[in-house]
Amino acid sequence: MVFQGLFLDAAGTLFHLAEPVGLTYARAAEVHGLALSPEVVEACFRRAWKHHPAPLHPEGTPPADADRSWWRAVVKSTFEEAASAAIGDATLEPLFARLYDHFAEASAWQLYPDVPSALGRLSGIAPLHILSNFDPRLHLILRGLGIADCFQTVTLSSQAGASKPHHRIFALALQKAGIPAGAALHIGDEREADLQGAARAGMHACLLERPAFDLATLAEKLCSGDDSCLQAPVSGVLKRPQIE
């Protein structure tokens, strides 16, 4: 199959956190006078993440703050549950700012070891693009990790006003790249957001499931002409069973 563009998710597909969220959050909290267990904070963060649905804004009106207020709400919920107490703005504001800035730094993330060489191989198949549920901090991260120049366009949920699997973010990415959905392949690590969302948007899709199936494995298959790991668009019918 010939593709005109390959779209890649970012976090979880190209890179991952350098350390657990709970550890980072607890260390930052200690600076601001809150002594909390990293394990407790981790659990509270995961519950806060589920409690606050992904931002969805009216079409044509992306958030003016690039969803920074959404992240502030997640951080506030995390620490108030972990501390079993309300967190006043005098503590929350500098704590949130510290964390928000930290996760804009490349040092907070690590490339998966197979990514640099895999990107080189994939770029020989078709131009590469980013399609991610992230905000403008991703540009800093990509540059810091040394892979920004690999991609022709970067489409963010904070630009689209909607997160994967919403069709709007896929449509925006295709529009920016100037290619039809049927000529595009989206690669990511989340079944609903990436695999099913892309297929429903009319794109071909592939699910990475590290360590069994990573980006290098996909690059090897595509370069050899083996597209059996891909899901076809629209119909949702796999060419072979999903990788479990």
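In region 68-118, which residues are touching a helix residue (DSSP H, G or I) at 6+ places or on another chain (Cβ under 7 Å) and either modelled with pLDDT under 95 or among the β-branched types (Val, Ile, Thr) (or both)? Result: Val74, Val75, Thr78, Ile87, Val115. In contact with a Gly (Cβ under 8 Å, 6 or more places away or on another chain), open to solvent by 60 Å² or more (accessible area, probe 1.4 Å) and in contact (Cβ under 8 Å) with a residue 12 or more places away in the chain, is that true of Ser117? Considered against the rule, which asks whether it is in contact with a Gly (Cβ under 8 Å, 6 or more places away or on another chain), open to solvent by 60 Å² or more (accessible area, probe 1.4 Å) and in contact (Cβ under 8 Å) with a residue 12 or more places away in the chain, Ser117 comes out as no. All told, Phe170 falls short of being out of contact with any His (no Cβ under 6 Å at 6 or more places or on another chain), aromatic (Phe, Trp, Tyr), in contact (Cβ under 8 Å) with a residue 12 or more places away in the chain and assigned to a loop (DSSP other than H, G, I, E, B). The C-beta contact set for region 91-113 (first residue closer than 14 Å to Arg68 by Cα and free of Cβ contacts under 8 Å to residues at least 60 places away in the same chain, second residue open to solvent by 30 Å² or more (accessible area, probe 1.4 Å) and among the small types (Gly, Ala, Ser), distance under 7 angstrom, 6+ apart or interchain) is empty.
Annotation: Glu220 fulfils all but one of (1) surrounded by fewer than 14 Cβ atoms within 10 Å (Cβ to Cβ); (2) more than 18 Å from Gly124 (Cα to Cα); (3) at pLDDT 95 or above; the unmet one is (2). Among the residues of region 24-53, those that are over 19 Å from the mean Cα position of the chain (by Cα), more than 18 Å from Gly88 (Cα to Cα) and open to solvent by 100 Å² or more (accessible area, probe 1.4 Å) comprise Arg27, Glu39. On inspection, Leu195 fails the criterion of being surrounded by fewer than 21 Cβ atoms within 10 Å (Cβ to Cβ), of a type in the set (A, V, I, L, M, F, W, C) and either in contact with a Gly (Cβ under 8 Å, 6 or more places away or on another chain) or at pLDDT 95 or above (or both). Filter region 124-152 down to residues that are under 16 Å from the mean Cα position of the chain (by Cα) and assigned to a loop (DSSP other than H, G, I, E, B) and give me whichever is surrounded by the fewest Cβ atoms within 10 Å (Cβ to Cβ). Once the filter is applied, the top-ranked residue is Pro136.
The values are calculated or read from the model by the stated rules, or taken from the named source; none is laboratory data. Only a predicted model underlies this, so the values are computations on that prediction, with no experimental measurement involved. All Cβ positions, even for glycine, are placed from backbone atoms using ideal geometry, and neighbour counts span all protein chains on display. Accessible surface is based on the protein model in full, side chains and every heavy atom, while ligands, DNA and RNA are left aside. Shrake-Rupley method; radii C 1.70, N 1.55, O 1.52, S 1.80 Å.
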